[in-house]
Each structure stands twice: as C-alpha cells, then as structure tokens.
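Q: Could you have a look at this structure, given as structure tokens, before my questions?
The values are calculated or read from the model by the stated rules, or taken from the named source; none is laboratory data. What you see is a predicted model; the values in this text were computed from it and never measured. Cβ sites come from the backbone with ideal geometry, for glycine too, and all protein chains shown count toward neighbours.
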Amino acid sequence: MSELDQSARERAELVTGLEDAQARLREADAALRSVMAERDEAVQQAADLQTRWKATDGQLRHLRFAFENAARERDELTVRLLTLEQKLAGLARPGASVPLAQLNDAVREATRLRARLQRRRGTAKRLRAKNRSLRERTRRAQAEAADARAELAARVSLPRRVVRRVRAKRAGPS
C-alpha cells in the first residue's frame, strides 16, 4: 500500500471521526438547549411561587394587624361595659333616686356595647380562622417553592454533566 493510500485512509478516518464528534456535539447541544428551556420554566415556576408566597404573607400580616386591632377594641369595649355595669349597680341602690331617663340610657348603652362586643368576638374568631388558613397556604407555598428549587438544581446539573461527557469524548480519541 502506498503512502498516498495510507494518508487517504487516515484522512477518511479522521473525517469520519470528526463527523461523529460533530453529530455528538449537535446532540449534546440539543440536549443542553432542552435542559436550559426546562430550567427557564422551573425558574419561572419558582418565581411564580415566590410571588404567591409574598402575596399570602402580605395577607397574613394584614390579618394579624386586623386581629390585633379587633382584640384591642374588644378589650376596650369590655372595660366600658364593666364600667357601665358598675355605674348601673351603683345607681340601683335602694333609696337612691335615679332619673329614669338616665337609667334607660345606661341600659341602652350597655346593650349596645354587649352587641358590639359580640360582633367583635365573631370578627376575632373569623380572623383567627383566616389566619390559620393563610398560615397553611404559606406553608404549602414555601414547600412548593422548596420543591421547585430542588427540581431546578437537579435540572441545572444535567447540562454540566452533558458538557463534561462531550468534552471527555473529545479528549478521549485524540
């Protein structure tokens, strides 16, 4: 066999090896693009979950504030009611002369305060239930975000492995 034939055969082998390497590179590139698209989607999902979590957290803070205000107002109403009841008890002493209008006003005020206190207790109960619900939603959103971050981390590591594999294959035959 002549040296020219030998060179032609080596050249053909090199061309074939190069074409194989280019095909593997195209496959690795396609796989990398696919994984990167999946990663981008996972990043968007994580961002969406983060946004939902922040919104839920804002609602939870708002409800806590409303709950604290309702509790404070309930306490104030309780004090006013007790004060009025004490006044009524003091007015109803035997032998004391109390104008009937004043007594009726005090009774109406006490009744109004009791009703208002009852409404505040109902509001506080509803706010506690909503608070529990939001805490659960927040916990679920945080868990979903953690899952999305873990999935994203797993997806991001795949392109690195593919690139290393391609580089190793390139380095191997040469």
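Q: Just for segment 80-123: of the residues that are of a type in the set (Gly, Ala, Ser) and more than 27 Å from Glu68 (Cβ to Cβ), which one is modelled with the highest pLDDT? Quick ask: steps written out before the conclusion?
A: First, the residues of segment 80-123 that are of a type in the set (Gly, Ala, Ser): 89-90, 92, 95-97, 101, 106, 110, 115, 122.
Applying the additional criterion that residues be more than 27 Å from Glu68 (Cβ to Cβ) yields 89-90, 92, 95-97, 101, 106.
Details: Ala89: 71, Gly90: 67, Ala92: 53, Gly95: 54, Ala96: 55, Ser97: 60, Ala101: 74, Ala106: 78.
So the residue we want is Ala106.
Q: While we're here: Take segment 19-58 and flag every residue that is closer than 17 Å to Arg164 by Cα and under 29 Å from the mean Cα position of the chain (by Cα).
A: Passing the criteria: Ser34, Val35, Met36.
Q: Which of (1) within 22 Å of Asp57 (Cβ to Cβ); (2) modelled with pLDDT under 85 is the odd one out, the single condition Val163 does not satisfy?
A: Looking at each condition in turn, Val163 falls short on (1).
Q: What are the pairs with Cβ atoms under 8 angstrom where one residue, in segment 137-165, is under 14 Å from Ser34 (Cβ atoms) and the other, located anywhere, is basic (Lys, Arg) and modelled with pLDDT of 80 or more? Sequence gap at least six, or different chains.
A: Close Cβ pairs satisfying both conditions: Arg155/Arg39; Val156/Arg39; Pro159/Arg39.
Q: Being surrounded by fewer than 16 Cβ atoms within 10 Å (Cβ to Cβ), in contact with a Lys or Arg (Cβ under 8 Å, 6 or more places away or on another chain) and either part of a helix (DSSP H, G or I) or among the charged types (D, E, K, R) (or both) is the requirement here; does Ala21 meet it? Let's see the steps before the verdict.
A: Numbers: surrounded by fewer than 16 Cβ atoms within 10 Å (Cβ to Cβ): yes; in contact with a Lys or Arg (Cβ under 8 Å, 6 or more places away or on another chain): yes; either part of a helix (DSSP H, G or I) or among the charged types (D, E, K, R) (or both): yes.
Considered against the rule, which asks whether it is surrounded by fewer than 16 Cβ atoms within 10 Å (Cβ to Cβ), in contact with a Lys or Arg (Cβ under 8 Å, 6 or more places away or on another chain) and either part of a helix (DSSP H, G or I) or among the charged types (D, E, K, R) (or both), Ala21 comes out as yes.
Q: Mind listing whichever residues of segment 1-53 are among the small types (Gly, Ala, Ser) and without any contact (Cβ under 8 Å) to a residue 40 or more places away in the chain? I'd like the intermediate steps shown before the answer.
A: Of segment 1-53, the ones among the small types (Gly, Ala, Ser) are 2, 7-8, 12, 17, 21, 23, 28, 30-31, 34, 37, 42, 46-47.
Listed by number, the residues that qualify are Ser2, Ser7, Ala8, Ala12, Ala23, Ala30, Ser34, Ala37, Ala47.
Q: Can I ask one more? When segment 120-159 is examined, which residues are found to be surrounded by 13 or more Cβ atoms within 10 Å (Cβ to Cβ) and within 30 Å of Leu88 (Cα to Cα)?
A: Residues satisfying the conditions are Arg120, Arg121, Thr123, Ala124.
Q: Quick one: would you say Ala129 is at pLDDT 85 or above and not β-branched (Val, Ile, Thr)? Can you show your working first?
A: Working: at pLDDT 85 or above: yes; not β-branched (Val, Ile, Thr): yes.
In short, yes.
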